[in-house]
Amino acid sequence: MKIRKDFLPFSRPSIGETEINAVAACLKSGWITTGALCKVFEEQLCALTGAPRAVSLSSATAGMHLMLTALNVGPGDEVITPSMTFASTVNLIALRQAKPVFVDVDYGTLNMDCEAMEEKITERTKVMIPVHFAGAPADMDRVNRLARKYSLKVIEDAAHAVGTSYKGTHAGGFGHPAIFSFHPIKNITTGEGGMITLNSAAVEKKLRLTRFHGIERDAWKRYGKGGNPSYDIAEPGYKYNMPDLLAALGLAQMERWRELNARRRVLAGLYFDGLRGTEGLDLPEVPSYDHVHAWHLFVVKVTGMSRDLFMQKLADHNIGYGLHFPPAHKLSYVKKRFGVRAASLPQTNLAADRIISLPLFPDMTENDVHYVCGAIKEILKNA
């Protein structure tokens, strides 16, 4: 086949005049740090998820740090999480001097195997972190049942889950804290940024304190008209606030999330149509329970040749790709510090050397997808 001249990236944010105008308006307003736009952004995510509260942050990683801190996760505690997740989750568990306990995934969906989760629970287990992988929801009925049975806290990893729902409930709407990401590759973006949705007023207060040095009032309340710039700090905090400049971009993207997700759904359908039955390739599976998939990622598994060679061949065809994710239990420090038995995660290990994320973003064309499908078939045919 003829090699395309231009490079097709794995992902690219969909930014139009609406987003540009929103950011320009914020720049012209004279207030660009945390302020009224962040509050509106929080309100809109609450409206989407059904959660009564939300706290905007500089990143989803910041959100995980603050939530683990707010739940007093520390030495001697265990936190259950899939290994097939971004390393930041495990990093923060380790930085809190707790122990990550890895649960296997379902090979087809790459979501955590909730049937295998109960056997991982011990008297030291404090938190479970289900991941809505690639935009497909985890089995929240089973998660909630285990949380009630063993009195465990749950943090939803909703980094992939704007537009994801489980049996009619949006991610973040189950009464647990949920952490969303607005990184540039996500379904909506603020450039960088994240948000926690939650129910508890007491935890929300703690999050707002610790996200900004421990100061009890945001800058816009201290430096606005009639504000008092003095402050006190009862407990030290971090610098994890989201500025209005990013919230302006996020609000413009929120206006379009249905449109953006609908386009992702169409593109995913084209991939299924174009690659179904291709020898040497396992396509992603979707959960059997009622759900809405956000199609943040389209992750295939290469079985007909070396994954590394396959990636090189894609690059030769001017096609980008992603890897979601190198399993956390194989990271050098995790192996050294926690000594995870690889044999306890058979499906994770089976998928680990096969997974690759194909280009998927709203501004892709149908011809882009057809080109990727054609290249993949040619590569595997000649393997």
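Among the residues examined, Phe310 does not qualify as at pLDDT 95 or above, aromatic (Phe, Trp, Tyr) and under 28 Å from Asn91 (Cβ atoms). For the stretch 158-165, the condition of being crowded, with 23+ Cβ neighbours inside 10 Å and assigned to a helix (DSSP H, G or I) holds for none of the residues.
Scan the stretch 132-181 residue by residue and report those that are of a type in the set (Asp, Glu) and under 19 Å from His65 (Cα atoms). Of everything in the stretch 132-181, those that are of a type in the set (Asp, Glu) and under 19 Å from His65 (Cα atoms) turn out to be Glu156, Asp157. Restricted to the stretch 17-63, and to residues there that are without any contact (Cβ under 8 Å) to a residue 40 or more places away in the chain and closer than 26 Å to Ala294 by Cα, the residue that is surrounded by the fewest Cβ atoms within 10 Å (Cβ to Cβ) is Glu17.
For the condition of a type in the set (D, E, K, R) and under 25 Å from Ala171 (Cα atoms), what is the one hit in Arg341, Arg337, Arg307, Arg258? Outline the logic, then answer.
Working: Arg341 fails: under 25 Å from Ala171 (Cα atoms); Arg337 fails: under 25 Å from Ala171 (Cα atoms); Arg307 fails: under 25 Å from Ala171 (Cα atoms).
The match here is Arg258.
Within the stretch 17-33, is even one residue under 23 Å from the mean Cα position of the chain (by Cα), modelled with pLDDT of 95 or more, in a loop (DSSP other than H, G, I, E, B) and outside the structural domain of Leu358 (by TED's automatic domain parsing)? Spell out how you get there, then give the answer.
To start, the set of residues in the stretch 17-33 that are under 23 Å from the mean Cα position of the chain (by Cα) comprises 19.
From the residues that got through so far, the ones that are modelled with pLDDT of 95 or more too are 19.
Add one more test, that the residue is in a loop (DSSP other than H, G, I, E, B), and what stays is none.
Checked the stretch 17-33: no residue is under 23 Å from the mean Cα position of the chain (by Cα), modelled with pLDDT of 95 or more, in a loop (DSSP other than H, G, I, E, B) and outside the structural domain of Leu358 (by TED's automatic domain parsing).
Residues in the stretch 64-107 that are assigned to a helix (DSSP H, G or I) and either in contact with a Phe, Trp or Tyr (Cβ under 8 Å, 6 or more places away or on another chain) or on the phi > 0 side of the Ramachandran plot (or both) were compared, and the one that is surrounded by the fewest Cβ atoms within 10 Å (Cβ to Cβ) is Ala87.
Screening Arg337 against (1) within 19 Å of the chain's Cα centre (by Cα); (2) more than 25 Å from Glu378 (Cα to Cα) leaves a single unmet condition, (1). The residues of the stretch 40-57 that are of a type in the set (Val, Ile, Thr) and farther than 13 Å from Val162 by Cβ, listed by number, are Val40, Val55.
Selection within the stretch 162-193: residues that are of a type in the set (Ser, Thr, Tyr) and touching a strand residue (DSSP E or B) at 6+ places or on another chain (Cβ under 7 Å). The member of this set that is farthest from Gly250 (Cα to Cα) is Tyr166.
The values are calculated or read from the model by the stated rules, or taken from the named source; none is laboratory data. Fair warning: this is a prediction, and the values are worked out from it, not measured in the lab. We place every Cβ from the backbone using ideal geometry, glycine too, and count neighbours over all the protein chains shown.
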